[in-house]
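One structure coming up, written as structure tokens, with questions to follow.
The values are calculated or read from the model by the stated rules, or taken from the named source; none is laboratory data. Computed from a predicted structure; not experimentally measured. Positions of Cβ are backbone-derived with ideal geometry, glycine not excepted, and every protein chain shown enters the neighbour counts.
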Amino acid sequence: MKRNSIALALMTAGVLASGAAAAADTHTVNVNAVVAGTCKFMAAGPTTVNVQNNVGGNIDPSLTGAGNATGAATINFRCTKNATSAINVGATAYTVPVSRTLTSGANTMAYTMSLTGHSQLGQGFGAGGVDLPLVVNASITEAVWSVAAAGTFADSVVLTVSP
């Protein structure tokens, strides 16, 4: 009798298990993640480009024949891996050197700003990321600085980096 009870219990369990398997259904779940293409400067500004024609850090108008007065600064940024950077100078996409004006009160000096590294392929953020250097160059021709009034000339340029 005990054997028959065990056999009946095993048969009932098998029938219930096969009934549960027959009632099963499937459903597919799709998991998505979107990684935003982004670029960010690695340090807060401002960055200063000092334009000079001599070692003293100033423009000396008596140094005729010295050529253009120049200056440069490097600003690091990062972009999402495989996103290509683009830089705007003000509201305009940078493609070629930009003509700008330095002012000191009512006095002005024209200069040219050029960017090296404005279009680079991002290497990502975090531990595996790599800083991308953007070199900002400024140049004032000798014809302009040799006749400039004494004073501190300045211009403020907003750069925007994006993929």
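Collect the residues in the range 110-154 that are touching a Leu at 6+ places or on another chain (Cβ under 9 Å) and among the β-branched types (Val, Ile, Thr), keeping them in residue-number order.
116, 135, 136, 140 - these are the residues of the range 110-154 that are touching a Leu at 6+ places or on another chain (Cβ under 9 Å) and among the β-branched types (Val, Ile, Thr).
Is it the case that the range 70-80 has a residue that's closer than 30 Å to residue 35 by Cα and among the aromatic types (Phe, Trp, Tyr)?
yes
With (1) in contact (Cβ under 8 Å) with a residue 12 or more places away in the chain; (2) out of contact with any Ser or Thr (no Cβ under 6 Å at 6 or more places or on another chain); (3) loosely packed, with under 14 Cβ neighbours inside 10 Å as the list, and residue 151 as the residue in question, which single condition is left unmet?
Every listed condition holds for residue 151 apart from (2).
From the list 81, 2, exactly one residue is basic (Lys, Arg) and at pLDDT below 95. Which is it?
2
Select from the range 50-76 the residues that are buried (at least 19 other Cβ atoms within 10 Å of the Cβ) and touching a Gly at 6+ places or on another chain (Cβ under 9 Å) and write down the one among them that is farthest from residue 158 (Cα to Cα).
53
When you scan the range 105-128, do you find a residue that is exposed (fewer than 14 other Cβ atoms within 10 Å of the Cβ), in a strand (DSSP E or B) and touching a Pro at 6+ places or on another chain (Cβ under 9 Å), even just one?
Checked against the condition, which is being exposed (fewer than 14 other Cβ atoms within 10 Å of the Cβ), in a strand (DSSP E or B) and touching a Pro at 6+ places or on another chain (Cβ under 9 Å), the range 105-128 yields at least one hit.
List every residue pair whose Cβ atoms lie under 8 Å apart, where the two residues are 6 or more positions apart in sequence or sit on different chains, the first residue falls within the range 38-55 and is touching a residue at least 12 places away in the same chain (Cβ under 8 Å), and the second residue, located anywhere, is in a strand (DSSP E or B) and among the aromatic types (Phe, Trp, Tyr).
39/77; 40/77; 41/77; 42/77; 51/111
Something else about it: Can you tell me which residue is surrounded by the fewest Cβ atoms within 10 Å (Cβ to Cβ) among those in the range 91-104 that are farther than 18 Å from residue 140 by Cα and not small (Gly, Ala, Ser)?
Across the range 91-104, the extreme among qualifying residues is 92.
Residues checked against (1) under 30 Å from residue 162 (Cα atoms); (2) in a loop (DSSP other than H, G, I, E, B):
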residue: 35; (1), (2): yes, yes
residue: 45; (1), (2): yes, yes
residue: 57; (1), (2): no, yes
residue: 65; (1), (2): no, yes
residue: 73; (1), (2): yes, no
residue: 81; (1), (2): yes, yes
residue: 95; (1), (2): yes, yes
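Can you pull out every residue in the range 129-153 that is in contact with a strand residue (DSSP E or B) (Cβ under 6 Å, 6 or more places away or on another chain) and outside any loop (DSSP other than H, G, I, E, B)?
Result: 132, 133, 134, 135, 136, 137, 138, 139, 140, 144, 145.
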